[in-house]
């Protein structure tokens, strides 16, 4: 007598559970389609526009973040160095070169969800276009390491994985016409203990 309703309820519970679980997994796994890759850096320029795919829209809504308009900014992340090897927490990396033209930029280590990782309040957890020391040609070298370095140093966590987040504000690279000629700084492994 209760066998049929029980089986129907069990089937519905399994269907809803698997459907919701797979949707949450997809939202955590991807920011959407249409990624561009320049060296070690990856960005989703269409993720913040009206033309974004459904996964990107859902990812944005779930994260609850303010997003930049197409001409306001563009966020890049690097999970690997230029050779394709993943960033290792104990190693020192050198970010060398110039950023694409931008009114302002920020660089910080982030967790898998893109949130800044605070290593210690007394250590430099982020650099930007105002605080970074530059060479005469406008380029820079930034050491990303859990150990203190001379010059531009970005404190990275030594005990957990991270990615680098570089955000360009008010940049022509965010428009559709500038992405082909964008040159990003290189990310190279300098040393490992």
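The values are calculated or read from the model by the stated rules, or taken from the named source; none is laboratory data. Nothing here was measured: the structure is a model prediction, and the numbers come from that model. Counting neighbours? That spans all protein chains shown, and the Cβs are built from the backbone with ideal geometry, glycine included.
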Inset, instruction - For segment 90-113, name all the residues that are modelled with pLDDT under 90, under 23 Å from residue 161 (Cα atoms) and surrounded by 14 or more Cβ atoms within 10 Å (Cβ to Cβ). - result: 90, 111
Inset, instruction - Can you give me the number of residues within segment 89-133 that are under 15 Å from residue 186 (Cβ atoms) and part of a strand (DSSP E or B)? - result: 7
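Table: residues versus (1) more than 22 Å from residue 74 (Cβ to Cβ); (2) free of Cβ contacts under 8 Å to residues at least 24 places away in the same chain; (3) touching a helix residue (DSSP H, G or I) at 6+ places or on another chain (Cβ under 8 Å); (4) surrounded by fewer than 20 Cβ atoms within 10 Å (Cβ to Cβ).
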residue	(1), (2), (3), (4)
130	no, no, no, yes
136	yes, yes, no, yes
141	yes, no, no, yes
154	no, no, no, no
Inset, instruction - Check residue 76 against each of (1) within 29 Å of residue 94 (Cα to Cα); (2) at pLDDT below 85; (3) not in a loop (DSSP other than H, G, I, E, B) and name the one condition it does not meet. - result: (2)
